[in-house]
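Structure first, then comments.
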Amino acid sequence: MATHCQNPGAPVVARADQDDSAFLIIGEGTEPVAQGVWILRGQGNSIVFALDVGLVIVDSGPGGKVTAGMIKALRAISDAPIHAICFSHGHLGYNSGLPQWLAHARDRGDAAPRCIAHANLQRRATRYEQTMPLQERMAEIQFRRNCGDMAGKFPVAFPTETFTDSLLLGNRDGRHVELLWAPSETDDCLAVWDAQQKLLYGGPAIIDSIPNLGTPFRTQRDTLRWADTLDRLAALRPEQVVREFGPPLVGSDEVQKVLGGTAKALRWVHGEVVRMMNAGMGEREILAAIDFPPEWFDVPWMKPTYGDPHWIARDVYRSENGWWDRNPTHLHPAPLEQVGAEIARAITDKQAVLDHASALAARGELQLALHVVDVLATLDAQGPEIEMARRLKAEWLHQRASQVRSYVAKSILHGCAAMLADGQRARFGVT
């Protein structure tokens, strides 16, 4: 198989302001949240329920030392056998550690745990197997890892049984929980409802920042379906919600405020984008015009620290539109190298482009500077001015990263800047 990195040893980014490369690993150990219920820290907040039939665990972690630490932490609070390991959703890494848990059960002489996921997860796992080099490279950029670092790091785990709408675990007359289909970040997400204690594990449907919709690297997600899921979970009237990331929500009023408010915000974005589309506006016009109400978006649980409200708008736009950007020139484009060569010939004063872009950057107009310098930096051509344009673009991408809040956006800007500096101009459209 051909490598997907031009220089596997070259760093994607090495900056003082970068977060830990294991961004989703939130810590270690356990935290009790109710009788016989513990948060189990690993890749996000996993959770453990002690039932009459044994322990039910959601997510087995990314494997290696992190999963080994999760197993050790579990055994510090309970010696009971593991009845089931449930997949919160199908994203890579959350259950790559499953073989370690199965080996742990064998070493103890216990029966193999049930491995349970929503029925849609099978299709997702198969797709990830088929596109693994792409998934690895996207993860390297998104989580600021060196090119090639993630190769082989995502073994795909498959469940041994699935459900569609709901599944009861434990004895209904005794201690039990119910798995609920909760489509949100993916179409295979689940939540866990402990009706006896009115405790809900929300999984990726409920996090401590804005819902992760419209993410630049991933396939389209369904904004209204996520809102529907939040409304359905809120209708259970939980008194405590354990989120995939962040501290639990405690108190019925707080739960209703966060879940209901998030659902309303998502419905507002959908309605506003549809209104603008119906008025004949294109994607770029919508992104420039949309004004997010602060009462729904300037609240603690909607912080754009991972996702971004504009990305939600783009996902809604994608849901109703094809790939065409409304420029008829792009319907049947000429080969990139031919276009670049002709544009390079047409621009007789390339230094003027560089000077104007540099003036914009000097005034702090970094985004405009990037658009202008792209006239040269994106050309599939050679020349001193074009090489200078790429160097300037890399420098300004690093600077632009300090102006955005989303971790994913920062990672992409830093990573693409490093790839430009390393000569990887064509990778992921970096040019």
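Remarks
- Net length gained if the chain between ALA34 and ALA352 were fully extended (0.36 nm per residue, minus Cα distance): 107.9 nm
- 14 Å cut-off, amide nitrogen to a point 7 angstrom out along ILE290 Cα→Cβ, residues in region 310-327: 310-321
- Summed side-chain charge close to GLN367 - residues other than GLN367 whose Cβ falls under 13 Å, Lys, Arg +1, Asp, Glu -1: +2
- Theoretical gain in end-to-end length, ARG225 to SER252 [0.36 nm per residue, Cα-Cα removed]: 7.4 nm
- About its Cα centre, the dipole of region 338-431 is roughly 360 debye, where the only charges are +1 on Lys and Arg Cβ and -1 on Asp and Glu Cβ.
- Label-zone membership for region 371-401, site ALA359, 7 angstrom Cα→C-beta point, backbone N under 14 Å: 372-373
- Of ILE312, VAL258, ALA288, farthest towards positive along the dipole that unit charges on Lys, Arg, Asp, Glu beta carbons give region 247-384: VAL258
- The convex hull built on the alpha-carbon positions of region 180-310 has an orientation-averaged projected area of 7.9 nm².
- For the chain, built as a Gaussian network whose Cα springs stay under 10 Å, the top-fluctuating residue of GLU28, GLU385, GLU320: GLU320
- Placing +1 on the Cβ of every Lys and Arg and -1 on the Cβ of every Asp and Glu, with nothing else charged, gives region 270-320 a dipole about its Cα centre of roughly 120 debye.
- Where a label projected 7 Å from the Cα of SER319 along Cα→Cβ would reach, residues of region 218-237 with amide N under 17 Å: 218-233
- Computed about the Cα centre, the dipole magnitude for the chain is approximately 420 debye when only Lys and Arg (+1) and Asp and Glu (-1) carry charge, each at its Cβ.
- The overall shape of region 287-418 is oblate: from the C-alpha gyration tensor, with semi-axes ordered a ≥ b ≥ c, the ratio a/c is 1.5 or greater and a/b is no larger than b/c.
- Dipole of region 334-429 [Lys/Arg +1, Asp/Glu -1 at C-beta], most positive-end residue of VAL404, ALA352, GLY423: VAL404
- Gain in span if fully extended, ALA112 to GLU387, counting 0.36 nm per residue against the direct Cα distance: 93.2 nm
- The alpha carbon centroids of region 386-410 and region 184-250 are separated by 33 Å.
- Residue-averaged [θ]222 nm for the chain, counting only DSSP H segments that reach four residues, each worth -39500 (n - 2.57): -12500 deg cm²/dmol
- Remark: spin-label model distance LEU331-ARG405 equals 4.1 nm, labels positioned 7 Å along the Cα→Cβ axis.
- Note on the chain: dipole from Cβ charges, positive end direction compared against GLN240, LEU98, LEU167; the farthest Cα belongs to LEU98.
- Angle in degrees between helix 336-346 and the longest Cα principal axis of the chain, rounded to the nearest 10: 30 degrees
- Neighbourhood charge, 12 Å Cβ-Cβ cut-off, centred on GLY97 and excluding it, Lys, Arg +1 and Asp, Glu -1: +1
- The lysines whose alpha-carbon is closer than 30 Å to the alpha-carbon of LYS65, local same-chain residues fewer than 8 away aside, are LYS153, LYS410.
- Label selected from (i) 26, 59, 15, 0; (ii) 23, 52, 22, 3, 0; (iii) 24, 57, 19, 0, the criterion being P(r) over Cα pairs in 20 Å bins from 0, in percent as computed here: (ii)
Since every read-out is calculated from the coordinates, none of them should be taken as a lab result. Model, not experiment: these values are computed from the prediction. Backbone-built Cβ (ideal geometry, glycine too); neighbour counts: all protein chains shown.
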